[in-house]
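Every number in this text was worked out from the coordinates using simple rules, so none of it is lab data. The structure presented is a predicted model; accordingly, all values stated were derived computationally and were not measured. Cβ sites come from the backbone with ideal geometry, for glycine too, and all protein chains shown count toward neighbours.
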Amino acid sequence: MEDVSYLTEEGYAKMQEELARLKGPEREALSARLRAAIQQGDLSENADYISAKEEQGFLEGKIQDLERTLRNVVIIDESSAGRTVVNIGAHITIQEGNYPAEKYQVVGPKEADPKKNRISHESPIGKAVLGKGIGDIATADTPGGIIQFKIIAIE
C-alpha cells in the first residue's frame with residue numbers, strides 16, 4: 001500500500017494543475033524537441049537528443065510522483081470548529097521562552113514550507129505539537145538542539 005499524502009484543498013488543486021501542465025504542454029513541447037533532435041540524424045553524438053531524453057526521464061518521473069501522490073490523498077480539514085488539540089490542518093501559535101509568539105499551520109510534508117509558516121506533521125516541531133492542547137508545553141528535538149515551547153492558541 002502506498003503512503004497517504006495529507007494536502008490542503010489548495011495544495012490538492014495546485015498538484016492537479018501541475019500534473020495537467022506536465023502531461024499537456026510540457027510533454028508536448030518535449031516531444032517536439034525530441035522529434036527535431038531525431039531528424040538531425042546520428043543520435044549517439046546528438047547533444048540535443050541526449051538532453052531531451054534526460055529531460056523526458058525527469059518529466060515522466062515527476063508525472064508518476066504526482067499521480068502516486070494524488071491517488072492516495074487525504075484532504076486536510078482546515079476548519080477550526082471544535083478544535084481543542086493540535087492535529088493536521090491546525091493553525092497554531094507557539095511561544096518559546098521569552099521569544100515572540102510564532103504562528104504556523106501543521107500540514108503534510110508535500111506542502112511544508114517553513115518560510116510560509118507551514119510545518120510538516122512529520123517535522124520535529126510538528127510531531128511535538130500533535131495531540132497537544134492550549135497551554136501545553138511541547139518538547140522538540142530539532143537539528144539545533146532540544147527546544148520547549150508553549151501552545152498559545154489553536155485555530
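Using only alpha-carbon positions, what ratio does the radius of gyration of the stretch 1-128 give when scaled by 2.2 N^0.38 Å?
Numbers: Rg = 20.8 Å, N = 128, 2.2 N^0.38 = 13.9 Å.
For the stretch 1-128, the normalised Cα radius of gyration comes out at 1.50.
Highest GNM mean-square fluctuation, the chain, Cα pairs closer than 10 Å: which of Gly89, Gly61, Gly144?
Among Gly89, Gly61, Gly144, the largest mean-square fluctuation in the Gaussian network model of the chain belongs to Gly144.
Counting pairs of alpha carbon atoms under 8 Å apart in space and at least six apart in sequence, what relative contact order in percent does the chain give? Mind dumping the intermediate values first?
On the way: 240 pairs, mean separation 35.2, N = 155.
Over the chain, the number comes to 23 percent.
Would you kindly state how much longer the chain becomes between Glu54 and Ile146 on full extension, computed as 0.36 nm times their sequence separation minus their alpha carbon distance, in nm to one decimal? Could the numbers behind the result be given before it?
Values: separation 92, 0.36 × 92 = 33.12 nm, distance 4.27 nm.
Here the segment from Glu54 to Ile146 would lengthen by 28.9 nm.
With just the Cα atoms of the stretch 5-75, tell me how far they stretch along each of the three principal axes, in Å, largest first.
49, 18, 13
Please give the helix 27-39 orientation as an angle from the longest Cα principal axis of the chain, in degrees from 0 to 90, rounded to the nearest 10.
Roughly 30 degrees, rounded to the nearest 10.
Output ³J(HN,Hα) for the stretch 7-22: one whole-Hz value per residue in order, computed from phi by the Karplus curve 6.51 cos²θ - 1.76 cosθ + 1.60 with θ = phi - 60°, and x for Gly and Pro.
Here the 3J(HN,Hα) series is 9, 6, 4, 4, x, 4, 4, 5, 5, 5, 5, 5, 4, 4, 5, 5 Hz.
Where the centre of each part is set by its Cα atoms, how far does the stretch 56-72 sit from the stretch 1-34, in angstrom?
The stretch 56-72 and the stretch 1-34 have Cα centres separated by 7 Å.
Using a Förster radius of 30 Å, what is the FRET efficiency between Ala47 and Glu17 based on their Cβ-Cβ separation? Nearest 0.05, please. Write out the running numbers ahead of the final one.
Details: r = 32 Å, r/R0 = 1.07.
Efficiency, rounded to the nearest 0.05: 0.40.
Where does the chain land at 222 nm, in deg cm²/dmol rounded to the nearest 500, when only DSSP H runs of n ≥ 4 count, each adding -39500 (n - 2.57), divided by all residues?
Details: 4 runs with 57 residues, N = 155.
About -12000 deg cm²/dmol.
Can you pick out the pairs among Lys53/Lys115; Lys14/Lys127; Lys23/Lys127; Lys62/Lys150; Lys14/Lys103; Lys23/Lys115 whose Cα atoms lie more than 31 Å from each other? Mind dumping the intermediate values first?
Numbers: Lys53/Lys115 34 Å; Lys14/Lys127 25 Å; Lys23/Lys127 35 Å; Lys62/Lys150 39 Å; Lys14/Lys103 23 Å; Lys23/Lys115 29 Å.
Going by Cα-Cα distance, Lys53/Lys115; Lys23/Lys127; Lys62/Lys150 fall outside the 31 Å limit.
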